[in-house]
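No value in this document is a laboratory result; all are computed from the given coordinates. Quick caveat, the model's predicted, so the values are computed rather than measured. As a convention, Cβ positions derive from the backbone with ideal geometry for all residues, glycine included, and neighbour counts pool all protein chains shown.
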């Protein structure tokens, strides 16, 4: 019998995963798996457990928000393992699951894993750390990990939109402005920026307009988007409209696809990795990690 490790965050979202836990395990068992369940107790518990034990199993499944997915990717990376895995989204936003059309109903997501339709996807390397879908700095980056958990549970994705709207106030982005030199594909840009991200996703914080059109998660490329500090209200309005419409081709935004990006900032700058705090840095080397994971996705119809 095949062995499956199921690691889940019991506190993600509204803790609803607990109500589906028995049925999820039954679906895995009916699918021919011998299941081991590990609920996480603190940050990085899932990452460390997967790093230390993933090699003992045929499949690893993580359930929680994007942070739990991040821990699974990091666990694989630290163990030097590439193996079939699955994701049952149970967080507030779940950008990664939305990009792959993985359903938010836990039992349906479990069925997709049992069906065994696996796909190889890229990931990103942030210096020596892996990330599943986004590395970012600037005024939006604190939204996901600074928004109060009770607010997330009560309002869902609306909590993120509230915080993003606050961030688009001219007074608030002054403190987020950072002088940076951004290099990719032989191009170098130096300017004042209020936001920058390198991603492998179709949406960030439920916002699809911030990701360049035509993005793919398995093409060996990452998408980079860097928003310059607006100098006046018309420039700020132009940026707002670009994020709403998804038309990023404006003077205030630099965007491109590349396999590698380098970001140098004049001062220590906080980054977020998959919605979790990624530390403060002045120099970051961000590269694609091609075909990094083998993950269950819905079959093409």
For the pair residue 179 and residue 282, the simple spin-label estimate (label points 7 Å beyond Cα toward Cβ) gives in nm 1.2
The alpha-carbon center of the stretch 60-133 and that of the stretch 184-203 are separated, in whole Å, by 24
Classified through the alpha carbon gyration tensor (a ≥ b ≥ c as square roots of its eigenvalues; rounded if a/c is under 1.5, else prolate when a/b is larger than b/c, else oblate), the stretch 191-301 comes out oblate
Simple SL model, points at 7 angstrom along Cα→Cβ for residue 45 and residue 117; separation in nm is 3.4
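Which shape class applies to the stretch 2-116: rounded if a/c is under 1.5, otherwise prolate when a/b exceeds b/c and oblate if not, where a ≥ b ≥ c are the square roots of the Cα gyration tensor eigenvalues?
Numbers: a/c = 1.38, a/b = 1.07, b/c = 1.28.
The shape class here is rounded.
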Per the 1/(1 + (r/R0)^6) rule, R0 = 51 Å and r from the Cβ atoms of residue 232 and residue 1, FRET efficiency to 0.05 is 0.20
Simple SL model, points at 7 angstrom along Cα→Cβ for residue 299 and residue 262; separation in nm is 4.7
extent check for the stretch 80-125: Cα max minus min per principal axis, descending, whole Å, gives 30, 24, 15
Here the gain from full extension of residue 22 to residue 52, 0.36 nm per residue of separation minus their alpha-carbon distance, amounts to 8.3 nm
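Of 293, 114, how do they rank once you tally other Cβ atoms within 10 Å and put the fewest first?
Lowest count first: 114, 293.
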If 198, 288, 134, 105 are placed from fewest to most neighbouring beta carbons inside 10 Å, the sequence is 105, 288, 198, 134
